[in-house]
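Below is one structure, written out as C-alpha cells; comments come after it.
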Amino acid sequence: MLPGILNGRKIEKSSVEAIATRLELKAELNQPIDALSGGEQQRVAIARTILADPEIIFLDEPTSALDTHSRKLTMDLFHELVGQGKTIIMVTHDLGLAEKTSRTIVMRDGKIERDIQLPQFNTVIK
C-alpha cells in the first residue's frame, strides 16, 4: 500500500479487506498487478486512492475500463464518500456518468462551456 507508506499512515488490514470486498476484489488481493485484467487494475487503483483517505479525490476516467456491474459498485462508493464529506473531482467523457454527479462542468477546447448543478443528460449533451 504505497500511498500509506509514503504519507506515514499505517493502513489496517481490515480496511484493505473492507474496500476489496466492496469493490469485489477479495480474490485478487494476493495476485500480482500484471495478472489482473484492466478493470481489476482500475478498481485496485481506486481502492488504493480511497485507502489513502484524502479529503479531495482526483479521478481521471475512473470507470473507463469497468463493466456495468463494477461501474455501479464504484459509483455507489463514490456517492457514499461524498456523503461522508469527501470531495471528488472527476474527468470523464461518459455523459451518463456526468449526469450522476451533483455538479458538472462541461469543457470544450480547454474552456468552460457550462457549469451545471444537478445535471441531467439533456443539459450535459447540449
Two-site FRET efficiency, Asp34 against Lys10, from Cβ-Cβ distance with R₀ of 22 Å, rounded to 0.05
0.25
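What number comes out for the charge environment of Asp94, summing +1 per Lys or Arg and -1 per Asp or Glu over other residues with Cβ under 15 Å away? Present the calculation step by step, with values, prior to reporting the outcome.
Numbers: positive: Arg71, Lys72, Lys100; negative: Asp60, Glu61, Asp67, Glu99.
Computed value for this residue: -1.
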Convex hull over the alpha-carbon atoms of segment 2-91: what's its volume per residue in Å³?
101
Give me a comma-separated list of calculated 3J(HN,Hα) values for segment 85-92, in order, Karplus coefficients 6.51, -1.76, 1.60 applied at θ = phi - 60°, integers in Hz, x for any Gly or Pro.
x, 6, 9, 10, 10, 10, 9, 8
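If neighbour count is taken as other Cβ atoms inside 10 Å, put Phe78, Phe58 in order from fewest to most. Could the numbers behind the result be given before it?
Values: Phe78 22, Phe58 12.
The fewest-first ordering by Cβ neighbours comes to Phe58, Phe78.
Using the count of nearby Cβ atoms within 10 Å as a rough guide to exposure, how do Asp53, Asp34 rank from fewest to most?
Least to most surrounded, the residues fall as Asp34, Asp53.
Within the chain, what percent of beta bridges assigned by DSSP are antiparallel, to the nearest 5? Display every interim value, and only then the final one.
Numbers: 6 of 11 bridges.
Of the beta bridges lying entirely in the chain, close to 55 percent run antiparallel.
Could you tell me the relative contact order of the chain? Use alpha-carbon pairs under 8 Å, at least six residues apart, and round to a whole percent.
Numbers: 124 pairs, mean separation 22.4, N = 126.
It comes to 18 percent, rounded to a whole number.
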Where the centroid of each part is defined by its Cα atoms, how far is segment 8-58 from segment 102-116 in Å?
30
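Which length gain, in nm to one decimal place, applies between Val82 and Arg108 when the Cα-Cα distance is subtracted from 0.36 nm times their residue separation?
Extending this stretch completely gives an extra 6.7 nm.
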Asserting the computed 222 nm helical MRE of the chain (DSSP H runs at least 4 long, -39500 (n - 2.57) per run, divided by residue count, to nearest 500) equals -12000 deg cm²/dmol
Over segment 40-93, what per residue volume does the convex hull of the Cα atoms give, in whole Å³?
70
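Coordinate-derived values only; no laboratory data. Keep in mind that what you see is a predicted model, and the values were worked out from it rather than measured. As a convention, Cβ positions derive from the backbone with ideal geometry for all residues, glycine included, and neighbour counts pool all protein chains shown.
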